Amino acid sequence: MKATNLYAPTLRETPAEAELLSHKLMLRAGFIRKAAGGMYTYLPLAWRTMKKIMQIIREEMDAAGGQEIMMPITQPAEIWQESGRWAVYGPEMMRLKDRHGREFCLGPTHEEMVTTLISGEVRSYKQLPLMLYQIQNKYRDEIRPRFGLMRSREFVMKDLYSFDKDVDGMNISYKKMYDAYSNIFSRCGLKFRAVEADNGAIGGGHSHEFTVLAPSGESSIAFCENCDYAASDEKAELKIIFSEKEELKPLEKVLTPNCHTIELVKNFLNVPIEKTIKAVAFQDDDESLILAFVRGDHEVNEIKILNATGALHLHMAEESAINSVGGCAGFMSPIGLKDGAKIVVDQTVMEMYNAVAGANEVDTHFINVTPKRDFDAEKIIVADIRMVQEGDPCPHCGKKLKMTRGIEVGQVFTLGNKYSKSLNATFLDESGKEKFFEMGCYGIGVGRTMAAAIEQNNDDDGIIWNKNIAPFEVVIVPVNAKENSQLDYAEKIYSELKNFGVDVLLDDRKERAGVKFKDCDLIGYPIRVTVSPKTLENNSVEIKIRRTGEIFNFDREICVEKILELLKNE
RNA sequence: CGGGUUGUGGCUCAGUUUGGUAGAGCACCGUGUUCGGGACGCGGGGGUCGCAGGUUCAAAUCCUGUCAACCCGACCA
């Protein structure tokens, strides 16, 4: 392709709307433009990269046994009502009505669609396993779209659904997808980790998130350098921390005026933070009260609370709800509360001795609290409900965990029969018995993968693409395209490279050299070939590697061969 | 939805405090010089100052309302 025929409006200055580096670079390099909050147009450069990512995904999905289909974006309400998610999904689902007043939604995901599709048509275990996938737009009316393509309301996603006759089969499909995902992100040139993840509201068995490592990432992961354990911060399991045993002292009430935070209590009573118990009050969707207790220096993990209590969504509790069970915000403990709240205590708290906790009265705390003695075991749920912290012991090998940030670009789930059951999708097994399909679902955010690649590979001058997903692998720049001799020389190299199947751009714009060089660096083509009066004179070309800045000069005769060779390493 | 910030040519922003004929740089068009790291000169086009009301002789500027975007929290590929 020739640059005079390429719509790539680069910007000298960064539009004020962008905060995240990848977002800024995509705007500046002429990859995307915003249409509305969380809605973007992919310009030719972005779309070329996305098509390459999608092609890699297709190849790996097909190799794993997937078959591509295309389902409607617009989905009837009925199937969502049948699965029960029409009510559950909430305002995040884009809903609309047709002219007859019938209700539809723009698909945020397609479990209902695909399950309904095969339900009744796939009747025999002999037709299984089956893996169907599609790559298309998804709609989620995010509360707050931000970071460009990282969190948008309309986004391109690959979603594959697996159907198996039993759990063993499902686990095999899961493993195939896990491996395919590893291949995909490796081929995209990304540094990533597959981390154990929580299944969230979707339910089911196990799950991994594929997380591209980047400090700007929104998700936090814990990993072990000693063994291969890695998990999202929400999922990371934690063992009990046993405090040193002490002689039990009698429970005692003390005044702690205005000490409504752990920090204030700790300083006022002059005790180490590890000897304090922190309370956090939540309410579920049905407004039922959930009180969580963790050690003062620990953070509450809301996902673990959901799992421990069976709650659906948590929000911070109203003070009135806290008061209704005899609690007092800022001074809470399980001791002496009225019935009416679910009380969840972190397992580590149960191993504390002579600690400080609220007394459920204003400006008052208990000292010498020993949960095993003082908490009513009948009324509390003891569980692992704390958030992992750097330095916590690895649940597999016990060595210290490290934390890092990342961008979640894909997730694999087993669903079990959650959807086949709710949508009544069955088949006959070997013994002629009717069974529900064992399902899995597997998503990849295509735009987010592109954004993550930029987030991970850039410098002060712009983007640095891996050749497998670069909009073009090679750019040829005649420094002065007004000189026909340079342009002719460049065109010859251009067609030779094209004949070798190289995805090459000829920057034939009649711009000054500096402008073109800046654009090349900004857009981030892996290899730049420069043609100038000097190279013409020597019958050579100059090659610059974007990632390293290395410059090579090759004779004209061997330059194509050399470019092919260099390209292999990018 | 709560908290914060901002809306002025395509982009970045000044002007708003103290009302008085709408500005700069970049980009764009023409032209000449220049030509390997975002050139320079000359000439030019382009803005109902987010929108709607109000106050005033007069509103980008003051008041009321409203919309949108961005940032911080709960969601997720």
Any pair with Cβ under 6 angstrom, 6 or more apart, that starts in the stretch A:190-207 at a residue that is at negative phi and ends at one that is open to solvent by 50 Å² or more (accessible area, probe 1.4 Å) and at pLDDT 70 or above: A:Lys191/A:Leu213; A:Glu196/A:Lys235; A:Ala197/A:Lys235; A:Asp198/A:Glu234; A:Asp198/A:Lys235
When you check A:Val114 against the structure, is it touching a residue at least 12 places away in the same chain (Cβ under 8 Å) and surrounded by 19 or more Cβ atoms within 10 Å (Cβ to Cβ), yes or no? yes
For the stretch A:44-52, does any single residue satisfy the condition of being away from RNA strand B (no atom under 16 Å from the Cβ) and more than 27 Å from A:Phe147 (Cα to Cα)? no
So which residues in the stretch A:400-410 are open to solvent by less than 40 Å² (accessible area, probe 1.4 Å) and hydrophobic (A, V, I, L, M, F, W, C)? A:Leu401, A:Ile407, A:Val409
Within the stretch A:117-154, residues away from RNA strand B (no atom under 15 Å from the Cβ), of a type in the set (A, V, I, L, M) and open to solvent by 40 Å² or more (accessible area, probe 1.4 Å) come out as A:Leu117
Collect the residues in the stretch A:206-265 that are among the aromatic types (Phe, Trp, Tyr) and outside any strand (DSSP E or B), keeping them in residue-number order. A:Tyr229, A:Phe242
Which of (1) open to solvent by 60 Å² or more (accessible area, probe 1.4 Å); (2) touching a strand residue (DSSP E or B) at 6+ places or on another chain (Cβ under 7 Å); (3) within 13 Å of RNA strand B (Cβ to nearest atom) is the odd one out, the single condition A:Thr41 does not satisfy? (3)
For A:Cys441, work out the one condition from (1) under 18 Å from the mean Cα position of the chain (by Cα); (2) within 20 Å of A:Gly406 (Cβ to Cβ) it doesn't fulfil. (2)
Could you figure out which of (1) surrounded by fewer than 16 Cβ atoms within 10 Å (Cβ to Cβ); (2) over 30 Å from A:Leu160 (Cα atoms) isn't true of A:Asp429? (2)
Pick out, from the stretch A:424-519, the strands (runs of 3 or more DSSP E) lying fully within it that include 1 or more residues that are outside the structural domain of A:Val409 (by TED's automatic domain parsing) and near RNA strand B (Cβ under 9 Å from one of its atoms). A:474-478
Search the stretch A:60-111 for residues being basic (Lys, Arg) and not in a strand (DSSP E or B), and hand back the single one that is surrounded by the most Cβ atoms within 10 Å (Cβ to Cβ). A:Arg85
Which pairs have Cβ atoms under 6 Å, sit 6 or more apart or on different chains, and link a residue in the stretch A:93-109 that is on the phi < 0 side of the Ramachandran plot to one that is among the hydroxyl-bearing types (Ser, Thr, Tyr)? A:Met94/A:Tyr139; A:Phe104/A:Thr74; A:Leu106/A:Tyr139; A:Pro108/A:Tyr139
Under the condition of being over 21 Å from A:Glu154 (Cβ atoms) and touching a residue at least 60 places away in the same chain (Cβ under 8 Å), which residue from the stretch A:1-24 is surrounded by the fewest Cβ atoms within 10 Å (Cβ to Cβ)? A:Thr4
In the stretch A:527-555, which residue that is within 40 Å of the chain's Cα centre (by Cα) and in contact (Cβ under 8 Å) with a residue 24 or more places away in the chain is farthest from A:Val504 (Cα to Cα)? A:Arg547
The helices (runs of 4 or more DSSP H) lying wholly within the stretch A:284-399 that contain at least 2 residues that are more than 16 Å from RNA strand B (Cβ to nearest atom) and surrounded by 16 or more Cβ atoms within 10 Å (Cβ to Cβ) are A:319-324, A:371-374
Looking only at the stretch A:526-541, filter to residues that are in a loop (DSSP other than H, G, I, E, B) and open to solvent by 10 Å² or more (accessible area, probe 1.4 Å); which one of those is nearest to A:Val477 (Cα to Cα)? A:Ser532
Consider A:Phe436 carefully, then state whether it is under 30 Å from A:Gly84 (Cα atoms) and either among the small types (Gly, Ala, Ser) or surrounded by fewer than 23 Cβ atoms within 10 Å (Cβ to Cβ) (or both). yes
Of everything in the stretch A:1-17 that's near RNA strand B (Cβ under 7 Å from one of its atoms) and either closer than 25 Å to A:Gly406 by Cβ or assigned to a strand (DSSP E or B) (or both), which residue is modelled with the highest pLDDT? A:Thr14
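The values are calculated or read from the model by the stated rules, or taken from the named source; none is laboratory data. Being a predicted model, the structure only gives us computed values, none of them experimental. Glycine gets a Cβ as well: all are built from the backbone with ideal geometry, and neighbour counts include every protein chain shown. Note: areas computed on protein heavy atoms with side chains; ligands, DNA, RNA excluded. Shrake-Rupley method; radii C 1.70, N 1.55, O 1.52, S 1.80 Å.
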